Number of protein chains: 2
Amino acid sequence: MDRMQLQNSFQAYFNELGYDIDWQRLTVPMDIHVIRKGDYLFQQGDFANRLFFLHSGLVRYVSVSDEGKEFTQTFAKSPRIIGSTKAMVTEARVLFGIQALEDCMVSSYPWRAFYEQMRQDIGFLECYAKFLERIFITKEERENAFVKHSAERRYLDFCADYPELKNVIPQQQIASYIGITPVALSRIRQKLKWHRD
Amino acid sequence: MDRMQLQNSFQAYFNELGYDIDWQRLTVPMDIHVIRKGDYLFQQGDFANRLFFLHSGLVRYVSVSDEGKEFTQTFAKSPRIIGSTKAMVTEARVLFGIQALEDCMVSSYPWRAFYEQMRQDIGFLECYAKFLERIFITKEERENAFVKHSAERRYLDFCADYPELKNVIPQQQIASYIGITPVALSRIRQKLKWHRD
DNA sequence: AAGCCTCCTTAACCTATGTTAATTCCTTAT
DNA sequence: ATAAGGAATTAACATAGGTTAAGGAGGCTT
């Protein structure tokens, strides 16, 4: 798999954001990572000052609390930029790990070099801004959901937002995404089933 | 108050973000708003396709749920860009109102024109990206807090994060910011007071 | 000073979710 | 086919936070 092939998924992603950019102009050195289902791209607590691009596959961002409880921040499917914006920007340790839920193909770029190159090219920078706008809006919607909606509503929203994931990923992970325990999710599902009959 | 004076608060804000930009190059038409304590810059449900800059004062973002419960998304103090990124970017209605907690001085710019001008000048665009990075990180930390921490911990974090607000704004608003009722916050405060003795 | 308003506290009760543990179901390996 | 391990369900109990309502403590206004 070479740069040319990878470029297609970049193109697909940024077209969706409304941009048509020649990614061959991006000359920073690139690594390729193949991650097997269940394995981690990086772990919580690592320094991850690289930008990753998910070319194929599905991942989740997993964060573990002080008490050892797992919590899924995000499900991300290709094509998409992945990684920790915070860790890149502030050079802090990452607060979550990225785990492959399917076999994945990922390319990565040193953040500093990538950023410097973006500054030379307003088109790249605009794409980066679009990306930031998008992930911000997603987080804002999530904040809204946690404060305004019940767990039941959050589950129904999850099913509506990710119909293709609903029956693929384990319920524990869905529960940890909507912020409840697997037991509580099971109760909610049972209640919903009852109402459906 | 003219453009020159306003520029100082822009400068202060973007210096803090690590940029030194000549905001006099920003020529899009500007409005000035003076908002009295308690009044709203805009209301939830409005179209707010303008970018606002808070030159002086303190505001909160207030969102009301379907059941009529108030929820404070953000406290923002000058100097700072304020407004709804989502409403600007997606041309949707705003999901929160902005209420002045002190008398405020705000300037505003039509978003489209502002954005077009940013695209002519990579320095502006970089500032915008920095701004987006920052608000994203804030939201991510908030998501973390809601899922991993108890209300008590969120209250203590609030006190640490906003020591200057803690004794200034009504507790109802603090409660609505950490996602609980005023009654629950009062309970928590009492428990903390007990432990302190 | 009296009255009024808003905020905060406290109490009693209710509900959703957490916790623990036992049971069943499904998948995979032998 | 059977055994073993992980995932989901269910039940019983514990707890944090919501709801309602009543009382008290400042601030304003008159």
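The values are calculated or read from the model by the stated rules, or taken from the named source; none is laboratory data. Just so you know, these numbers come straight off a predicted model, no measurement behind them. Positions of Cβ are generated from backbone atoms using ideal geometry, with glycine treated the same way; all protein chains shown enter the neighbour counts. Ligands, DNA and RNA are stripped out before the accessible areas are found, and what is left, the full protein with its side chains, is counted by its heavy atoms. Shrake-Rupley method; radii C 1.70, N 1.55, O 1.52, S 1.80 Å.
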Tally up the residues in the stretch B:73-98 that are open to solvent by 40 Å² or more (accessible area, probe 1.4 Å), in a loop (DSSP other than H, G, I, E, B), more than 9 Å from chain A (Cβ to nearest Cβ) and within 11 Å of B:PHE47 (Cα to Cα), please. 1
A:ILE188 vs (1) out of contact with any Asp or Glu (no Cβ under 8 Å at 6 or more places or on another chain); (2) of a type in the set (Val, Ile, Thr); (3) more than 8 Å from DNA strand D (Cβ to nearest atom): all pass except (1)
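Do you know which of the residues in the stretch A:146-180 that are among the polar types (S, T, N, Q) and more than 9 Å from DNA strand D (Cβ to nearest atom) is nearest to B:GLU140 (Cα to Cα)? Talk me through it step by step, then tell me what you get.
Within the stretch A:146-180, the first condition is being among the polar types (S, T, N, Q), and the residues that meet it are A:150, A:167, A:171-173, A:176.
Keeping just the survivors that are more than 9 Å from DNA strand D (Cβ to nearest atom) gives A:150, A:167, A:176.
Numbers: A:SER150: 20, A:ASN167: 27, A:SER176: 16 Å.
For the stretch A:146-180, the residue satisfying everything is A:SER176.
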Residues of the stretch B:139-168 satisfying the condition of being more than 10 Å from chain A (Cβ to nearest Cβ), charged (D, E, K, R), in contact with a helix residue (DSSP H, G or I) (Cβ under 6 Å, 6 or more places away or on another chain) and without any contact (Cβ under 8 Å) to a residue 12 or more places away in the chain: B:LYS166
Please go through the stretch A:115-138 and pick out each residue that is at the interface with chain B (Cβ under 8 Å from one of its Cβ atoms) and among the charged types (D, E, K, R). A:ARG119, A:GLU126, A:GLU133
When the stretch B:58-69 is checked residue by residue, the ones that are within 14 Å of DNA strand C (Cβ to nearest atom) and more than 16 Å from the chain's Cα centre (by Cα) are B:GLU67
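Could you tell me whether the stretch A:37-44 includes any residue that is more than 22 Å from A:MET105 (Cβ to Cβ), surrounded by 17 or more Cβ atoms within 10 Å (Cβ to Cβ), touching a residue at least 24 places away in the same chain (Cβ under 8 Å) and assigned by TED's automatic domain parsing to the domain that holds A:ASN8? First the steps, then the outcome.
First pass over the stretch A:37-44, keeping only residues more than 22 Å from A:MET105 (Cβ to Cβ): A:44.
Retained after the next criterion (residues that are surrounded by 17 or more Cβ atoms within 10 Å (Cβ to Cβ)): A:44.
With touching a residue at least 24 places away in the same chain (Cβ under 8 Å) added as a condition, the list becomes A:44.
Restricting the remaining residues to those that are assigned by TED's automatic domain parsing to the domain that holds A:ASN8 gives A:44.
Yes.
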Name the residue, out of A:ILE82, A:ILE98, that is at pLDDT 95 or above, more than 16 Å from DNA strand D (Cβ to nearest atom) and over 17 Å from B:GLU133 (Cβ atoms). A:ILE98
Looking at A:TYR109 and the list (1) part of a strand (DSSP E or B); (2) modelled with pLDDT of 95 or more, which single condition is not satisfied? (2)
Residue satisfying all of: in the stretch A:142-176; among the aromatic types (Phe, Trp, Tyr) and within 12 Å of DNA strand C (Cβ to nearest atom); least open to solvent (accessible area, probe 1.4 Å) among these: A:TYR155
